[in-house]
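Peer 1: Can you read through this structure? Questions will come right after.
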Amino acid sequence: MTGKRSLLSGAHFLNGDVACAEGAIAAGCRFFAGYPITPATEIAEHLSERMPEFGGIYIQMEDEIASMAAVLGASYTGLKSMTATSGPGFSLMQENIGLGVMTEAPCVIVDIMRGGPSTGQPTLPGQQDVMQAKWGSHGDYEIIALSPSSVQEMFTLTVEAFNLAETYRVPTMLLGDEIVAHMWEKVVIPSPEQLKIVNRKKPTVPPEEYLPFKPDEDLVPPMASFGEGYRFHATGLTHDEHGYPQTQSSETQFKLVHRLCEKIRKNADKIIRVEEVTLDDADVVVVAYGIVARSALSAVRKARAEGIKAGLLRPITLWPFPETHVERIAKQAKTIIVPEMNCGQVVREVERCAKTTPVVFMSKFGEDPHTPLEILEEIRRNR
Amino acid sequence: MVAKEILEHPLSKYLRTDLMPHIWCPGCGNGIVLNCFVHALDELKVDMDKLVVVSGIGCIGRTAGYTYAASFHTTHGRSIAFATGVKLANPELNIVIVSGDGDLFAIGGNHFIHAARRNIGIKVLCVNNFNYGMTGGQLGPTTPLDAITTTSPYGNSEHPFNLVHLAAASGATYVARWTTLHVRRLTMSIKRMLQKDGFCFIEVISPCPEVFGRRNKLRTGLDMMELFKKNSVVESFSDPAKADITPDRIVVGEFIDIQKLSYEKLFHEKIAQINEKAMEQVS
């Protein structure tokens, strides 16, 4: 499957959904299964045109449950695979996201967050799916979720999401919002040589010695694809290193679930990325992500101009949560301000890590995100 | 003394014998279906490295694990959606789904009709035991009217699906129904299905004496097999719309065998055309 057309290397004026789709192509994604839903539809539309140009697959499934299942199937043939959706579709995908976690299928799920619950506000932005991304499927597990703040990051973090999914064999989520998805901005697409692309580890042993769920030292097992002569079994049931069901064994259950969590937790330092702005001497720190971080950055700069020691901590990685970064700022800051477009999700994580440092929560949703002035006023009140 | 020679069964190479004994009850028909399936694989000399067996949840869902091929055991009802991704991503693979009536037609019903409509080249072998066996015998979409199950203690009031009619109406290119009594014909049908392009469907009526039969005056596997023998009527290429399973009649046979370009062929041809055009533009 070699592409006859090339990446759009160079500077472009794009919207976030299209930037995400181009990021997927650049990352080597060659399979998309999805179902139309506002505000993520443009990702599907763009990939229905672009995927075939690279010899890749676009399929519109009958619903999001099927989309997620098809993504896992394609991933097991060795293709980098993705889907894109919004709140209601994200809810439908959860059971098969769990199957992806359990069978360690590398894949990317883009969730362009709109207002919920239920059908909610299809055309307005929200940040209400952050906890669903972490806890939406049943059982204990860890996933990776990234939060883009710009159209450029809709491109770069999509590439990053594929790299992480392939490295850790885990469903990786890009949690955008309606604004970063629909906003038009300049995007610079690097040349293929400048892009860092990661591919999953393949088995180095012959088929008769291959144990599909036996991890290496990094806790990640090498992955064979269907059709390569490795006649392995995979199941959503609790399984041993052969992939065989062991539903009555507490030892197998503990070992497996523990490893699925630890392969992310133990590698958290390698996975987590944050943006830090004037944090060195900050006593008022804003923790913001996604589109809200753009307003927060403006507010922090204005506050600095007024002589207030303000700083910004922007989690680019939402899951695993950057606990040590928040713990560090909590030791020096007098106050932490968390503006979010929901009733309080990331703020709970911040409070957990901040311990005794006061955390001020700014909830705003159902309309435009927080303005820089609103955040600036909160900084002033807490200086 | 003559040393005892340990003979290996000629078909055991198709099975993960280290997962045996299987989990199925005495009198269950699943073993017969698995037997017919591996016979078909053997007779056709199927390239086992290119075979993928996919199952959903339920007793027969363990078949994926028992077959020594690349295999995947999905969430409940999603085997067809998973297999759609596999087939489209690698059309060279031969994909067989072996799953139950509840998995494929209750929770997974939507995926079934859409896969048949698209004509994606996957082969579905559905074992219909008229109820949910693994969870202890609840009513399902194929439970006959008035049948007693653990969730229809006063008799079932729901009309069951006629699966072969549903498959044919949804666009399948091959449709057949047999019972576990018809082992040779079932094996022949599986062979036919494995050689076809497009979406194919075989329904196998199978005894579940342990949790279905015993509540419906069919206490043993033999009782159920005798019923199949008494009620089965072979009517090849008859109208599947008239093949409803009634208390005294099970119409079996091949119903549909047509040629239609598969979805993956049509799609991959389009990809090839697009890229040829692009090459012309470049050169």
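Peer 1: Scanning the range B:81-117 for residues that are of a type in the set (S, T, N, Q) and more than 7 Å from chain A (Cβ to nearest Cβ), which turns out farthest from the chain's Cα centre (by Cα)?
Peer 2: If we filter the range B:81-117 for residues that are of a type in the set (S, T, N, Q), which is where we start, we get B:84, B:90, B:94, B:99, B:110.
Keeping just the survivors that are more than 7 Å from chain A (Cβ to nearest Cβ) gives B:94, B:99.
Values: B:ASN94: 14, B:SER99: 5 Å.
It comes out as B:ASN94.
Peer 1: Could you list, in sequence order, all residues of the range A:48-69 that are buried (at least 19 other Cβ atoms within 10 Å of the Cβ), part of a helix (DSSP H, G or I) and not aliphatic (A, V, I, L, M)?
Peer 2: Correct list: A:ARG50, A:PRO52, A:GLU64, A:SER67.
Peer 1: Looking at B:SER262, is it within 28 Å of B:ASN30 (Cβ to Cβ), within 14 Å of chain A (Cβ to nearest Cβ) and of a type in the set (Gly, Ala, Ser)?
Peer 2: So B:SER262 does not fit the description; no.
Peer 1: Just need a number here: residues in the range B:54-75 that are over 20 Å from B:ASN35 (Cβ atoms) and either at pLDDT below 95 or more than 7 Å from chain A (Cβ to nearest Cβ) (or both).
Peer 2: Residues meeting the conditions: 2.
Peer 1: Okay, next question. Does A:THR324 meet the test of being over 26 Å from the mean Cα position of the chain (by Cα) and on the phi < 0 side of the Ramachandran plot?
Peer 2: Values: over 26 Å from the mean Cα position of the chain (by Cα): no; on the phi < 0 side of the Ramachandran plot: yes.
Judged against the criteria, A:THR324 is not a match.
Peer 1: Another question, then. Would you check if there is a residue in the range B:117-129 being modelled with pLDDT of 95 or more, touching a helix residue (DSSP H, G or I) at 6+ places or on another chain (Cβ under 8 Å) and assigned to a helix (DSSP H, G or I)? Walk me through it before giving the result.
Peer 2: Filtering the range B:117-129 down to residues modelled with pLDDT of 95 or more leaves B:117-129.
Keeping just the survivors that are touching a helix residue (DSSP H, G or I) at 6+ places or on another chain (Cβ under 8 Å) gives B:117-129.
Now narrow it down to the ones that are assigned to a helix (DSSP H, G or I): B:117-118.
Yes, the conditions are met somewhere in the range B:117-129.
Peer 1: Oh, and also: For A:LEU79, work out the one condition from (1) touching a Lys or Arg at 6+ places or on another chain (Cβ under 7 Å); (2) away from chain B (no Cβ under 14 Å) it doesn't fulfil.
Peer 2: Every condition holds for A:LEU79 apart from (2).
Peer 1: Let me ask something additional. Could you please find all residues in the range A:261-293 being in contact with a Gly (Cβ under 8 Å, 6 or more places away or on another chain) and in contact (Cβ under 8 Å) with a residue 60 or more places away in the chain?
Peer 2: A:VAL284, A:VAL286, A:GLY290
Peer 1: Exactly one of (1) assigned to a loop (DSSP other than H, G, I, E, B); (2) surrounded by fewer than 20 Cβ atoms within 10 Å (Cβ to Cβ); (3) at pLDDT 95 or above is unmet by A:GLU367. Its number?
Peer 2: Failing condition for A:GLU367: (3).
Peer 1: May I pose another question? Would you check if A:PRO148 is out of contact with any Leu (no Cβ under 9 Å at 6 or more places or on another chain), touching a residue at least 60 places away in the same chain (Cβ under 8 Å) and either of a type in the set (Asp, Glu) or more than 17 Å from A:CYS343 (Cα to Cα) (or both)?
Peer 2: Working: out of contact with any Leu (no Cβ under 9 Å at 6 or more places or on another chain): no; touching a residue at least 60 places away in the same chain (Cβ under 8 Å): yes; either of a type in the set (Asp, Glu) or more than 17 Å from A:CYS343 (Cα to Cα) (or both): yes.
No, not satisfied.
Peer 1: Please work out which one of (1) buried (at least 19 other Cβ atoms within 10 Å of the Cβ); (2) assigned to a loop (DSSP other than H, G, I, E, B); (3) within 14 Å of chain B (Cβ to nearest Cβ) is the condition A:PRO221 fails and give its number.
Peer 2: (3)
Peer 1: Next up: Assuming A:ALA66 fulfils every condition listed in (1) in contact with a strand residue (DSSP E or B) (Cβ under 7 Å, 6 or more places away or on another chain); (2) free of Cβ contacts under 8 Å to residues at least 40 places away in the same chain; (3) within 11 Å of chain B (Cβ to nearest Cβ) apart from one, which condition is it?
Peer 2: (1)
Peer 1: Looking at this structure, is A:GLY100 buried (at least 24 other Cβ atoms within 10 Å of the Cβ), small (Gly, Ala, Ser) and under 21 Å from A:CYS261 (Cα atoms)? Reasoning before the result, please.
Peer 2: Values: buried (at least 24 other Cβ atoms within 10 Å of the Cβ): yes; small (Gly, Ala, Ser): yes; under 21 Å from A:CYS261 (Cα atoms): yes.
Judged against the criteria, A:GLY100 is a match.
Peer 1: For B:ARG78, indicate whether it is at pLDDT 95 or above, surrounded by fewer than 23 Cβ atoms within 10 Å (Cβ to Cβ) and within 8 Å of chain A (Cβ to nearest Cβ).
Peer 2: Numbers: at pLDDT 95 or above: yes; surrounded by fewer than 23 Cβ atoms within 10 Å (Cβ to Cβ): no; within 8 Å of chain A (Cβ to nearest Cβ): yes.
Here the answer is no, as B:ARG78 does not meet what is asked.
Peer 1: Identify, from the list B:LEU41, B:LEU51, B:LEU19, the residue that is in contact (Cβ under 8 Å) with a residue 24 or more places away in the chain and away from every other protein chain (no Cβ under 11 Å). It would help to see each step written out before you state the result.
Peer 2: Details: B:LEU51 fails: away from every other protein chain (no Cβ under 11 Å); B:LEU19 fails: away from every other protein chain (no Cβ under 11 Å).
After applying the criteria, what remains is B:LEU41.
Peer 1: Scan the range A:298-311 and tell me whether some residue there is over 23 Å from A:LEU175 (Cα atoms) and within 24 Å of the chain's Cα centre (by Cα).
Peer 2: no
Peer 1: For the range B:38-86, which positions are in a helix (DSSP H, G or I) and aromatic (Phe, Trp, Tyr)?
Peer 2: B:TYR66, B:PHE82
Peer 1: Oh, and also: So which of A:PRO122, A:PRO117, A:PRO106, A:PRO88 ends up being surrounded by fewer than 20 Cβ atoms within 10 Å (Cβ to Cβ) and within 28 Å of B:THR74 (Cα to Cα)? Talk me through it step by step, then tell me what you get.
Peer 2: Values: A:PRO122 fails: within 28 Å of B:THR74 (Cα to Cα); A:PRO117 fails: within 28 Å of B:THR74 (Cα to Cα); A:PRO106 fails: surrounded by fewer than 20 Cβ atoms within 10 Å (Cβ to Cβ).
Selected residue: A:PRO88, the only one of A:PRO122, A:PRO117, A:PRO106, A:PRO88 that is surrounded by fewer than 20 Cβ atoms within 10 Å (Cβ to Cβ) and within 28 Å of B:THR74 (Cα to Cα).
Peer 1: Also, quick follow-up: Can you tell me which of A:ILE144, A:ILE57, A:ILE97 is more than 16 Å from A:ALA44 (Cα to Cα), within 14 Å of another protein chain (Cβ to nearest Cβ) and of a type in the set (Val, Ile, Thr)?
Peer 2: A:ILE97
The values are calculated or read from the model by the stated rules, or taken from the named source; none is laboratory data. This is a predicted model, so every value here is computed, not measured. Because the Cβ atoms are built from the backbone with ideal geometry, glycine has one as well, and the counts that use them run over all protein chains shown.
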